[in-house]
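Quick notes on the structure that follows.
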Amino acid sequence: MTTSTQPRGRPEAIRAVPVRHPGRWLAAAVIAVLVAMAVNTLVYNPRFNWPEQFQYLFAPPVLTAVVNTIWLTAAAMVGGTVFGVVLALMRMSPNPILRAASWFYLWVFRGTPLYTQLLIWGAIGALFPTVSLGIPFGPEFVTWQTQALISAAIAASVGLILNEAAYMAEIVRAGILSVDRGQHEASGALGMTRMQTMRRIVLPQAMRVIIPPTGNETIAMLKNTSLVAAIPFYELTFAAQNIYARTYQVIPMLIMAVLWYLALSSILMIGQYYLERHYGRSERTPTVARDQAGE
Amino acid sequence: MSDFMVKAEQVHKSFGRLEVLKGIDLQVSPSEVMCVVGPSGSGKSTFLRCINHLEKIDAGRLYVDGELVGYRQRGDKLHELHEKEVAAQRREIGMVFQRFNLFPHMTAVENIMEAPVQVRRESKAEVRQRAGELLDRVGLADKATAYPGQLSGGQQQRVAIARALAMRPKLMLFDEPTSALDPELVGEVLEVMKQLARDGMTMIVVTHEMGFAREVGDSLVFMDDGIVVESGNPREVLADPKHDRTKAFLSKVL
């Protein structure tokens, strides 16, 4: 705004005819009809059997399954992240054997379907009937029956953790690589070891890159837990199947599972929103202009 | 204490097929301020990085305070030092980078405290007090809790100098410390470095600031194409360069 315009006063506000958007009206009409149809079927199609659904929504067997789904998701993500960090560090190690081992692991676990992996974990007793503690190729001190030692819960968590670790390894590696090389050099020049540099300098900075895809992985994991029915382990989808095998209410029970998954993933999405806001906040980005303006 | 703080004998360094250092010989005495100048790509930064083993040398010998850098000599065989031993050598050498390389997730005072606490395992209270004194010394006592992103380039570089000094190094390396700064911020960093030189710190400074070299430097080394072309008293070399390459370079920068 220059001062020369002041004496002449403010010109009259523009009142132009807005551009018409007939496409928007058409799209709105189509969507409105589809929504009306959907509402109509939800309300008047008796085969949704809402009363039966609500009866089972908070029934003890369903709640047990929901709790199992939640802790399985949490265990898989925590375990997968910890092991994923180890794999990422191995992948970037100067030791060629560790690098190769990590690469091979990722090749196997990312190159095969999770469902197939879980089926194998469910049948692991067929491959190794007993588990022993001892010296490799030497004497064995203690021996267990695999079936007794590895419960469905353990097989389910191990299967999900090992698979998730392969994906988390790549996410962690991308995060570590996003940190400027100068940070490694600066901490190295101060006499810090590689492990100290990683723990104190690099990983905290890598978090900004690691957090958002990890949130997506968590939401994906919530849904992937439905695959452990392959083992079989009792979680939400398996519970729904259990009930409709008895009652023949297939759709109502599956819709009930859908409602639970939506509720849980909504909670996760809200958590992800706040986490990202926390790690994306501006205290670490340049605010020189603001700082100088304030002084 | 050995006669020389830094002694280089026929130091060679290649990156792949590119030979960057082609036999560097030089000595730096304790409390000496040596300025290294030369065109970009002449190998001066690489040489500086070799001194604290950020780069491995391919041939020759490099000593800091009488100790071989990065290797141990047993008989006529060299043994690579373990990572921890290299880290121990680096503790004694401070380094200041062109791009500051402060830790962006830590405040100024946390940047300074990090290495003494994590590496030397000194008590936090003691280090915090020393960090405060160092910030005061570089004129930033009021910026202790500022994050690097909230500081100007000149302020960041002064924090970086304080961070290096917190380890009480016997040698300070400066890799073009003012090259990434806006012109009006160069002076404040050079002032801190001058004070440091006056306090008797041994310094090797790769720089384009000829005024600083003339005023503060005890010696000046002109490097070009991986060798030391000319060296001597900075005032004499800058006023009356003997070598054609030195003359050509100085005519461009002075």
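Observations, loosely collected:
- The portion of the accessible surface of the stretch A:205-287 made up by carbon and sulfur, rounded to a whole percent, is 65 (1.4 Å probe; DNA, RNA and ligands excluded).
- Per-residue shielding of B:97-107, expressed as the average number of other chain Cβ atoms within 10 Å of the residue Cβ, stands at 5.
- Solvent-accessible area, 1.4 Å probe, carbon plus sulfur percent, for the stretch A:42-189: 72
- Accessible surface of chain B, 1.4 Å probe, proportion on carbon and sulfur as whole %: 45
- Summed over both chains, the accessible area lost when A and B associate is about 2400 Å², using a 1.4 Å probe.
- Sorting the segments A:100-113, A:181-194 by their mean number of nearby beta carbons within 10 angstrom, highest to lowest, gives A:181-194, A:100-113.
- Residues of the stretch B:137-167 buried by at least 20 Å² on assembly (accessible area, 1.4 Å probe, chain alone as reference): B:Lys143, B:Tyr147, B:Gly149, B:Gln150, B:Ser152, B:Arg163
- One equal scatterer on each Cα of the protein assembly as shown, no solvent, Debye formula: the resulting log10 I(q)/I(0) at q = 0.07, 0.09 Å⁻¹ is -0.65, -0.88.
- Centroid-to-centroid separation of the stretch A:107-175 and the stretch B:37-58 [C-alpha atoms, Å]: 49
- Selection of chymotrypsin sites (Phe, Trp or Tyr not before Pro), the stretch A:200-257, meeting DSSP coil and at most 16 other Cβ within 10 Å: A:Tyr248
- A Cβ-based charge dipole, computed about the Cα centre of the protein assembly as shown with Lys and Arg at +1 and Asp and Glu at -1, lands at about 1340 debye.
- Projecting the Cα atoms of A:Met256, A:Gly215, B:Leu54 onto the charge dipole of the protein assembly as shown, computed from C-beta unit charges around the Cα centre, puts A:Met256 farthest toward the positive end.
- Most mobile listed residue (A:Arg47, A:Arg20, A:Arg173) in chain A, GNM with C-alpha springs under 10 Å: A:Arg20
- Computed magnitude of the charge dipole of chain B (debye, nearest 20; Cβ of K, R +1, Cβ of D, E -1): 540
- Radius 13 Å from Cβ of A:Arg194, net charge of other residues (Lys, Arg +1; Asp, Glu -1): +2
- Peptides B:99-106, A:115-122 ranked from most to least packed, by the mean per-residue count of other Cβ atoms within 10 Å: B:99-106, A:115-122.
- Positive-pole candidate from B:Met193, A:Phe141, A:Met198, dipole of the protein assembly as shown, charges at beta carbon: A:Phe141
- About the Cα centre, charge dipole magnitude for the stretch B:144-253 (Lys/Arg +1, Asp/Glu -1 at Cβ), debye: 320
- Restraint check, B:Lys13/B:Lys252; B:Lys22/B:Lys252; B:Lys22/B:Lys56; B:Lys56/B:Lys84; B:Lys77/B:Lys170, Cα-Cα greater than 18 Å: B:Lys13/B:Lys252; B:Lys22/B:Lys252; B:Lys77/B:Lys170
- Cα lying deepest toward the dipole's positive end in the stretch A:1-71, options A:Ile31, A:Ala65, A:Val17, charges on Cβ: A:Val17
- Among B:Leu21, B:Leu134, B:Leu185, the residue with the largest mean-square fluctuation in a Gaussian network model of chain B, with springs joining Cα atoms closer than 10 Å, is B:Leu185.
- Per-residue mean of C-beta atoms belonging to partner chains within 10 Å, peptide A:191-202: 5
- Part-to-part distance (alpha-carbon centres) for the stretch B:91-168 and the stretch A:45-94, which is given in Å: 45
- Radius of gyration, Dmax [chain B; alpha carbons; angstrom]: 18.3, 55
- With a cut-off of 10 Å between beta carbons, the residues surrounding B:Thr207 carry a summed charge of -2, where Lys and Arg count +1 and Asp and Glu -1.
- Ranked by how many other beta carbons lie within 10 Å on average, peptides A:259-272, A:155-168, B:142-155, B:218-231 from highest: A:155-168, B:218-231, B:142-155, A:259-272
The values are calculated or read from the model by the stated rules, or taken from the named source; none is laboratory data. Keep in mind that this is a model prediction, so the values were computed, not measured. Virtual Cβ from ideal backbone geometry, glycine too; neighbours counted across all protein chains shown. These accessible areas exclude ligands, DNA and RNA; they are computed on the full protein's heavy atoms, side chains included. Shrake-Rupley method; radii C 1.70, N 1.55, O 1.52, S 1.80 Å.
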